[in-house]
Amino acid sequence: MVSNLAKENLQNWIVSWGKRHSSEISDFKETVYLIKKSPLTMVGLAVILILIIMAIFAPYIAPYDPVAMHLDNRLAPPSKAHLLGTDELGRDILSRIIYGAGVALKIVLIVLAIDLPLGILLGLAAGYFGGWIDEIIMRIADIFMAFPRLILAMAIGTALGPSLRNTMIAIALTMWPVYARLARGETLSIKERTFIEAERALGTSNFRILVFNILPICVSTLIVRATLDMGNIIRIAAGMSFLGLGAQPPTPDWGLMVSTGRNFLINQWWVPTFPGFAILLAVFGFNLLGDGIRDISDPYLRRGRQ
Amino acid sequence: MLKYVIKRLILFVIVIFGVVTITFFISHVIPADPVGAILGENAPQELVEKMERQLGLDLPLGQQYTRYLKGLINWNFGISLRTQKQVSEDLRVYFPATMELAFLALFIAIILGISIGVISAVKRNQWQDNASRVFSLVGISMPAFWLGLLFILILYYHLGLIPAGGRLSPHISPPPMVSGLYLLDSLIAGQFRTFWDALYHLLGPALVLGWIQTAYICRVTRSSMLEVLNEEYIRTARVKGLRERVVIFKHAFRNASIPILTMIGISFGYMLEGSVLTETVFGYPGLGRYAVNSFLSLDLNAVIGSVTLIAICYALSNLIVDLLYAALDPRIKY
């Protein structure tokens, strides 16, 4: 009896939830439909999914240990045993590329995990409170944006000491102004709307308004921007590793693999070429997906497509 | 308008000051060990102390900062420990090399980017458009260093179309220094062989840098042209019976050119960044490679000098873009 009642309650709740959120649900369905309709976005999505699968299941997919050296089988050309050949220490390049997907995704995730909250916090504060808080935060953002990103990341990375962790910190420090600016702009435009005024008239605290009214709108804008930046993060990290200012051996990092493989370019072209192609493919996938999501989330373009 | 310009200039000064300060703090506060990098980890204590005194690293931070600012005003960064020369002298040699490369690459990017972009917009959704969109997406996704390696492998090793690297062939001596740009200086001195040799050496890196920027310019050109081509006055122009070429170039392109111009300015900034990777791959002796080498050897003065110079150029190109934008678009009021 009791369980039946509980079941009914749950069903009722699900139905009413569906009703209350019907507009969001149909919106979501439409988004899925639009993604399906755009072949380039689907290609991007597929590339990213493959990357994620490679990253999670690397130990099961990769045919060899990515750091195991076989000095008797150095620089072997692509063959059945080693589909993409081996590098200067006899390590299987395909396995290293598969493990490298995890490294690349980790960099993207950690950089965004630092930058999104940081950008939102600073942007919300600047936009909502205005005045000198706004002035200080935005001028610091301007200064950080006045460096070319790679150069600033290189400088910070070198100062902290070259390593994968410091690469992520360095890239995060160069990217936060983008998100802070976006969040600020979004906050400024929402702040003036009547529903916020109404909340304020009801005596809602600043904190509640920021968290429950402004934050959710900011987050969706920032996530769209973040998907556009993911490719760039991989590219900058790869650039830093290539220059020797990022990940250190024996990390299976793509940029680092190209960097050490450079010495074998002429006679063993496969050593630097395949990891570089992996970088291109990953960045390409993220850019396709980012472009697609941007188009879909743009209400103007969205209406235009229907 | 004037108010905007003044405001923008003040911001520029603030930004430069901030950039200089951040560069100083990054290189002095965060614990890298430049002395250790030069002398090795097991250097005797007296030697380390002597070195620190020589570099001014034993002074309190505030004093180091004022010393640094004073030096900066005279464009004096001290001596590079790697090259044993004044950093400012090194910069005078390497900076023009990078400018030469960046301008040539920009030239390539503007011509290719705009023509491909216009074709793409005019032939919307036809094969030309799809091809150019894939081309530009690949371009913006391309890691510059890897493209450089492919060029060396194919164009240098297999086809012999470009030289292995450097700025001039070993048997050719640099032209007398006027601007530091070899292309210009060799023409001034009338040394045409040097001119061709310099151009030949610029080809590889400029194509790499240029291709990536072509992609950006092409994308902006396409979307900007598409927007304008949808306007009603374009239809009017066509209905009037104007030739398609006139409609596209005179009516559409002119009005689409403001975002393109902005993108070109931004591209120039990106090149400073791209030059770091491209120059390293091609062994081209420019500012980017100089910066990388000073980073790798923790050559503090050279790091500060090159980062400051790059950041100033970057901020300057942003300033010019903003001012041009304000000046060109009569619809924008500041």
Condition (residue is over 23 Å from the mean Cα position of the chain (by Cα), at pLDDT 90 or above, open to solvent by 20 Å² or more (accessible area, probe 1.4 Å) and among the hydrophobic types (A, V, I, L, M, F, W, C)) applied to the stretch B:112-127: is it met by at least one residue?
yes
With respect to the numbered conditions (1) modelled with pLDDT under 85; (2) open to solvent by less than 80 Å² (accessible area, probe 1.4 Å); (3) farther than 25 Å from A:Arg262 by Cβ, which one is the sole condition not fulfilled by B:Arg331?
(2)
Any chance the stretch B:251-266 includes a residue that's within 24 Å of B:Leu101 (Cα to Cα), among the aliphatic types (A, V, I, L, M) and free of Cβ contacts under 8 Å to residues at least 60 places away in the same chain?
yes
Please go through the stretch A:48-69 and pick out each residue that is modelled with pLDDT under 90, open to solvent by less than 70 Å² (accessible area, probe 1.4 Å) and in a helix (DSSP H, G or I).
A:Ala58
Determine whether A:Ile190 is β-branched (Val, Ile, Thr), open to solvent by less than 10 Å² (accessible area, probe 1.4 Å) and farther than 25 Å from A:Phe286 by Cβ.
yes
May I ask you to verify whether A:Ala278 is under 19 Å from B:Val138 (Cα atoms), assigned to a helix (DSSP H, G or I), within 12 Å of chain B (Cβ to nearest Cβ) and open to solvent by 10 Å² or more (accessible area, probe 1.4 Å)?
yes
Could you look through the stretch A:253-275, keep only residues that are more than 24 Å from the chain's Cα centre (by Cα), in a helix (DSSP H, G or I) and facing chain B (nearest Cβ under 9 Å), and pick out the one that is surrounded by the most Cβ atoms within 10 Å (Cβ to Cβ)?
A:Pro272
So which residues in the stretch B:287-323 are within 10 Å of chain A (Cβ to nearest Cβ), open to solvent by less than 20 Å² (accessible area, probe 1.4 Å) and among the aromatic types (Phe, Trp, Tyr), if there are any at all?
B:Phe295
Conditions (1) away from every other protein chain (no Cβ under 14 Å); (2) at pLDDT 90 or above; (3) loosely packed, with under 15 Cβ neighbours inside 10 Å; number of the one not met by A:Arg200:
(2)
Within the stretch B:6-24, considering residues that are more than 17 Å from A:Ala141 (Cβ to Cβ) and open to solvent by 40 Å² or more (accessible area, probe 1.4 Å), the one nearest to the other protein chains (Cβ to nearest Cβ)
B:Leu9
Select from the stretch B:68-93 the residues that are in contact with an Asp or Glu (Cβ under 7 Å, 6 or more places away or on another chain) and crowded, with 19+ Cβ neighbours inside 10 Å and list them in ascending order.
B:Ser80, B:Leu81
Condition check: away from chain A (no Cβ under 14 Å), more than 15 Å from B:Gly283 (Cα to Cα) and free of Cβ contacts under 8 Å to residues at least 24 places away in the same chain. Does B:Pro170 satisfy that?
no
Would it be correct to say that B:Val228 is closer than 24 Å to B:Arg133 by Cα and over 23 Å from the mean Cα position of the chain (by Cα)?
yes
Is at least one residue of the stretch B:265-279 within 9 Å of chain A (Cβ to nearest Cβ), open to solvent by less than 30 Å² (accessible area, probe 1.4 Å) and either among the charged types (D, E, K, R) or farther than 28 Å from B:Arg219 by Cβ (or both)?
no
Considering only residues of the stretch A:287-303 that are more than 8 Å from chain B (Cβ to nearest Cβ) and modelled with pLDDT of 85 or more, which is surrounded by the most Cβ atoms within 10 Å (Cβ to Cβ)?
A:Leu289
Pairs returned, first residue in the stretch B:304-327 that is farther than 15 Å from A:Leu150 by Cα, second residue that is of a type in the set (A, V, I, L, M, F, W, C) and in a helix (DSSP H, G or I), beta-carbon separation under 6 angstrom, 6 or more apart or interchain, are B:Gly305/B:Val87; B:Gly305/B:Leu91; B:Ser317/B:Phe268; B:Leu319/B:Phe12
Taking the condition of being facing chain A (nearest Cβ under 7 Å) and outside any helix (DSSP H, G or I), how many residues in the stretch B:126-155 meet it?
2
Out of the residues in the stretch B:45-59 meeting the condition of being open to solvent by 100 Å² or more (accessible area, probe 1.4 Å) and closer than 18 Å to B:Gln84 by Cα, tell me which one is farthest from the chain's Cα centre (by Cα).
B:Lys50
Going by the structure shown, is A:Met168 away from chain B (no Cβ under 14 Å), touching a helix residue (DSSP H, G or I) at 6+ places or on another chain (Cβ under 6 Å) and either farther than 19 Å from A:Asp115 by Cβ or surrounded by 14 or more Cβ atoms within 10 Å (Cβ to Cβ) (or both)?
yes
A:Thr41 meets each of (1) over 23 Å from A:Thr273 (Cβ atoms); (2) more than 19 Å from the chain's Cα centre (by Cα) with one exception, condition (2)
(1) of a type outside the set (Val, Ile, Thr); (2) surrounded by fewer than 24 Cβ atoms within 10 Å (Cβ to Cβ); (3) part of a helix (DSSP H, G or I) all hold for A:Pro249 apart from (3)
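The values are calculated or read from the model by the stated rules, or taken from the named source; none is laboratory data. No experiment lies behind these values; they were computed from the predicted model shown. Ideal geometry is used to build each Cβ from the backbone, glycine not excepted, and the neighbour counts take in all protein chains shown. Please note that ligands, DNA and RNA were not included when accessible areas were found on the heavy atoms of the full protein model with its side chains. Shrake-Rupley method; radii C 1.70, N 1.55, O 1.52, S 1.80 Å.
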